[in-house]
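Just below is one structure, and these are the notes that go with it.
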Amino acid sequence: MALLKSCVRSGRNVFAVILRRELHKTAPALVQVTVRDALTQAMDEELERDERVFLLGEEVAQYDGAYKVSRGLWKKYGDKRIIDTPITEMGFAGIAVGSAMAGLRPICEFMTFNFSMQAIDQIINSAAKTSYMSAGLQSVPIVFRGPNGHSAGVAAQHSQCFAAWYGHCPGLKVLSPWSAEDAKGLLKAAIRDDNPVVFLENELLYGVAFEVSEEAQSKDFVVPIGKAKVERQGTRITLVSHSRYVGHCLDAAAVLAKEGIECEVINLRSIRPLDMETIESSVAKTNHLVTVEGGWPQFGVGAEICARIMEGPAFNYLDAPVIRVTGVDIPMPYAKILEDNSVPQIKDIIISVKKSLNI
């Protein structure tokens with residue numbers, strides 16, 4: 001009433017005043033950020049924050065990165081912080097590991113993680129084992145990052161998922177982000193960590209935009225390493241995945257929800273350490289579990305989760321065996337129709353859920 005009288009006396013439009021007040025109260029719209037830009041922001045903020053941080057790899061400087069993830073960084077930080085290397089993964093990975101031992105904090109980019117096999121001796125024998133072999137006296141704060149898993153039409157030698165490969169090795173932390181918020185928060189946490197971190201991105205996600213919270217836009221935002229995230233609450237069955245296939249699980253869950261099947265979707269984010277507590281809590285609620293990954297089935301991430309469920313308390317809550325949805329146990333074919341049938345599709349997840357529920 002007081003507002004109405006005030007508006008009448010002053011000649012202002014009362015509805016316009018109310019509208020402005022209501023708009024002021026409305027929560028700001030979430031910003032959309034691509035995974036590529038989230039990774040760039042993370043590196044930019046950490047380069048600015050700590051002068052010991054630098055980036056090296058093939059075409060990361062003047063070309064702005066093969067996938068433009070380091071776009072603009074060379075112009076901002078120059079040759080000493082953003083370093084183009086020859087095509088020699090064993091060489092520049094070794095330089096990066098040595099610089100980490102000397103007190104710097106390198107980000108070592110592989111144009112694709114398939115090429116990291118050229119440097120695997122440096123990653124495992126030089127980086128992962130040094131802290132243990134020095135009784136904790138020598139830390140190796142380094143991040144190995146780049147696209148991982150299959151892309152599109154790049155065939156067998158460019159389409160492997162290294163989550164299980166590097167997740168197998170003690171001394172490494174292995175991260176596999178899905179969303180832009182994952183990408184930014186986990187990469188910042190990895191750069192600040194005093195241990196060697198393998199950071200597995202996905203080329204097909206680089207251009208995908210995700211809503212990012214106001215909190216995630218802060219320069220202080222980090223995602224804790226070793227903590228999974230429940231992306232969708234559900235009561236009927238648990239879907240566990242990482243990287244691009246989290247999106248497939250959410251799409252499958254949306255389809256299944258129309259049939260009354262509520263799926264809980266867990267985004268692992270961290271492969272090593274593995275957040276079994278979140279998985280076990282979900283299984284205790286839903287009594288069913290399906291794991292989804294793009295890698296090969298034998299000795300994979302899903303296989304490890306199955307083993308730990310079998311050996312732990314959550315086994316007693318299962319009403320059906322755990323089902324794994326994985327890539328097919330073959331080198332990646334080149335032909336698109338064969339490629340599509342070699343990696344999990346949304347229909348494969350739906351079929352596996354119904355098989356687990358016996359419907």
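With every protein chain in place and a 1.4 angstrom probe, the accessible-area ranking of LEU104, LEU137, largest first, reads LEU137, LEU104.
For Cα pairs less than 8 Å apart in space and 6+ apart in sequence, what is the mean separation divided by the residue count of the range 35-85, i.e. the relative contact order in percent?
This gives 38 percent for the range 35-85.
Amide H to amide H distances under 5 Å link ILE83 with LEU55, LEU56, GLY57, where only residues 5 or more positions off or on other chains count and H is placed in the peptide plane. Based on C-alpha pairs under 8 angstrom that are at least 6 apart in sequence, the chain has a relative contact order of 15 percent. Note on GLN345 and GLN298: the extension gain reaches 15.0 nm, defined as 0.36 nm multiplied by sequence separation minus the Cα-Cα distance. Scaling against 2.2 N^0.38 Å puts the C-alpha radius of gyration of the range 63-115 at 1.15. Applying the criteria of a DSSP loop state and at most 16 other Cβ atoms within 10 Å to the GluC sites (Glu not before Pro) of the range 143-228 yields GLU214.
Take the range 65-181 with all the other protein chains still there, run a 1.4 Å probe, and you get 42 Å² of accessible area per residue. Classify the range 242-359 as rounded, prolate or oblate, taking a ≥ b ≥ c as the square roots of the eigenvalues of its Cα gyration tensor: rounded when a/c is under 1.5, otherwise prolate if a/b is larger than b/c and oblate if not. In terms of gyration-tensor shape, oblate. Per the Kirkwood formula applied to alpha carbons, the range 125-273 shows a radius of gyration over Rh ratio, Rg over Rh, of 1.01. Each residue, MET276 and ALA254, gets one label point 7 Å from its Cα in the Cβ direction; the gap between the two is 3.4 nm.
In plain terms, the C-alpha convex hull of the range 111-183 casts an average shadow of 5.6 nm² when viewed from every direction. Per atom type, the chain shows carbon and sulfur on 55% of its accessible surface, probed at 1.4 Å. Compared with the direct C-alpha span, the chain from ASP50 to ALA284 gains 79.9 nm at full extension, assuming 0.36 nm per residue. In a fully extended conformation the segment linking LEU104 and MET117 would gain 2.3 nm over its present Cα-Cα distance, using 0.36 nm per residue.
Among ALA42, ALA254, ALA303, which one moves the most in a GNM of the chain with springs linking Cα atoms closer than 10 Å? Among ALA42, ALA254, ALA303, the largest mean-square fluctuation in the Gaussian network model of the chain belongs to ALA254. Once the convex hull of all Cα atoms in the chain is built, its volume per residue stands at 198 Å³. Coupling constants for the range 329-337 follow from the phi torsions by the Karplus curve (6.51 cos²θ - 1.76 cosθ + 1.60, θ = phi - 60°), and in residue order they are 7, 9, x, 5, x, 8, 4, 4, 5 Hz; glycine and proline get x.
One quarter of the convex hull surface built on the alpha carbon atoms of the range 155-238 amounts to 7.8 nm², the projected area averaged over directions.
The values are calculated or read from the model by the stated rules, or taken from the named source; none is laboratory data. Nothing here was measured: the structure is a model prediction, and the numbers come from that model. Note: ideal-geometry Cβ built from the backbone for every residue, glycine included; neighbour counts use all protein chains shown. The accessibility values were calculated without ligands, DNA or RNA, using every heavy atom of the protein model including side chains. Shrake-Rupley method; radii C 1.70, N 1.55, O 1.52, S 1.80 Å.
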